[in-house]
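Worksheet: one structure, shown below.
The values are calculated or read from the model by the stated rules, or taken from the named source; none is laboratory data. This structure is a prediction, so every number in the text was calculated from the model and none was measured. Every residue, glycine as well, gets a Cβ built from its backbone with ideal geometry; the counts of neighbours run over all protein chains shown.
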Amino acid sequence: MLLSLIAIYIDLLFSENITMLLRKRGVLLLTILVIIKSSEQHGSGAPSGACFDQMPRHSTILPQSSVPPYIIVPSTSQVRQGDTLNVTIGSPAGAPLPIGGFILQARSIQNTDTIIGRFVSVPDNAITHLITCSNENDTATHSNPQEKPALTFQWKAPTDFLGGVEFKATVAQSYATFWRNVESPLVEVVRPDTVITTNVPTPAAPTTTQAPPVILENQPSPSTETRDLIYQGCDDTKLCFGVPQNCIRQGNCKAIVAVLVEGDKYTFEIQGTDNPKYVATALSMDNKMGDDSAMECVRNDNGRVSIFTSWTYPKAEPYVSRSDSPQDIVQLKDFTLINGKLYCKFTRNVVSTVKGQTFDLANNKYNLMVVSGDSMKGKSY
């Protein structure tokens, strides 16, 4: 029934010297129990470093080299100083694609490093927000990695600038799939007394000789073809454990878990291979399955992944119950379904209470279990 079982026990309560070393590396060791069952697949916004080059800093992942399947459409090709216009970021009609993440700015065509003007409204505060790179609210970005439809922002031209601007963006379909240098048609900022008679610009549509990419699948660049996301940073910024033995070095683990601790933020990554329907990890008080606080990433029929928390029961129905566990203690950050591998990245609250038990990641120690498989018998929803 179990094809492989490896237990690695590493105490969370370190000696003073080891603790100081790990604090310097920003890494926390967890006790790991990895179990594989038989199986039959950004974030809260652009980082500050992306303000000027619009690169999302997704480790070593490079932008796509294909024609972007996204466009930027301003509502007019001329705008007076101090006036506003609408600018929409999305995909062309007939080939709708959701947006995962983005960073959007207006840039001077004379000096493409100069950010011009500011945004004065966003379509939805829950999924987008404004940040300051050079001037207040001069940049729009996403608030979460959930799929978004086309988005329309209101942009205000500065009163001290005359000349051409273009709206420029990096748009991500998923963590591993993004396009840089998505550009709008030219918009001219003119004097307040100018009579505007120009038409709404028509953006160049993406080429029709190439089908748009499939949602959440990636054609990796040569530098990332042999290394999955979960291996990036292992033994450097995070700790990774997997099976079979030595699989992390080879990048071919059947199941793997990674943990990164940054201050009071605990980020978990889990991955299973061979087309699993779910990958789950659990915090356990002992080294046995059962009476554990589990976190499940489940592949849906529509190609999406959902995250749930649950409580496990040893040798008794319903085995796993989601109704016994609060669902707001974990936050899904990213997932991919590529080449039969199900990858999931999420954070968990530092302190949470499940079934009357308090789980304190900062001050207590736990065994961490990872299960990748086809079904969870007796699951209670």
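Listing for the model above:
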item: Subset of the range 344-354 (residues that are buried (at least 18 other Cβ atoms within 10 Å of the Cβ) and more than 11 Å from the chain's Cα centre (by Cα)); result: ARG348, SER352, VAL354
item: Boolean, ASN137 is surrounded by 15 or more Cβ atoms within 10 Å (Cβ to Cβ) and either modelled with pLDDT of 90 or more or part of a strand (DSSP E or B) (or both); result: yes
item: Condition check for ALA258: over 21 Å from ASP374 (Cβ atoms), in a strand (DSSP E or B), among the aliphatic types (A, V, I, L, M) and touching a strand residue (DSSP E or B) at 6+ places or on another chain (Cβ under 7 Å); result: yes
item: Residue that is nearest to GLU269 (Cα to Cα) [pool: residues in the range 288-323 that are in contact with an Asp or Glu (Cβ under 6 Å, 6 or more places away or on another chain) and of a type in the set (A, V, I, L, M, F, W, C)]; result: PHE308
item: Hits in the range 142-179 (condition: over 28 Å from GLN110 (Cα atoms), out of contact with any helix residue (DSSP H, G or I) (no Cβ under 8 Å at 6 or more places or on another chain) and not in a strand (DSSP E or B)); result: SER143, ASN144, PRO145, GLN146, GLU147, PRO149, ALA150
item: Any hit, the range 144-151, residues being over 30 Å from SER306 (Cβ atoms) and either assigned by TED's automatic domain parsing to the domain that holds PRO74 or touching a strand residue (DSSP E or B) at 6+ places or on another chain (Cβ under 8 Å) (or both); result: no
item: Candidate set from the range 283-307 (those that are among the hydrophobic types (A, V, I, L, M, F, W, C) and in contact with a Phe, Trp or Tyr (Cβ under 9 Å, 6 or more places away or on another chain)); member that is surrounded by the most Cβ atoms within 10 Å (Cβ to Cβ); result: CYS297
item: In the range 145-202, residue modelled with the highest pLDDT [restricted to those that are hydroxyl-bearing (Ser, Thr, Tyr) and closer than 18 Å to ALA50 by Cβ]; result: THR170
item: Residue ID - nearest to PHE335 (Cα to Cα), chosen from residues in the range 234-273 that are among the aromatic types (Phe, Trp, Tyr) and surrounded by 21 or more Cβ atoms within 10 Å (Cβ to Cβ); result: PHE268
item: One residue from GLN331, GLN357 being within 30 Å of HIS142 (Cα to Cα), modelled with pLDDT of 90 or more and surrounded by fewer than 17 Cβ atoms within 10 Å (Cβ to Cβ); result: GLN331
item: Those residues of the range 89-111 which are more than 16 Å from ALA157 (Cα to Cα) and hydroxyl-bearing (Ser, Thr, Tyr), in sequence order; result: SER91
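Matching residues to (1) within 17 Å of ARG348 (Cβ to Cβ); (2) over 22 Å from the mean Cα position of the chain (by Cα):
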| residue | (1), (2) |
| --- | --- |
| GLU262 | yes, no |
| ASN275 | no, no |
| ALA280 | yes, no |
| MET285 | yes, yes |
| CYS297 | yes, no |
| GLY303 | no, no |
| LYS315 | no, yes |
| VAL320 | no, yes |
| LEU332 | yes, no |
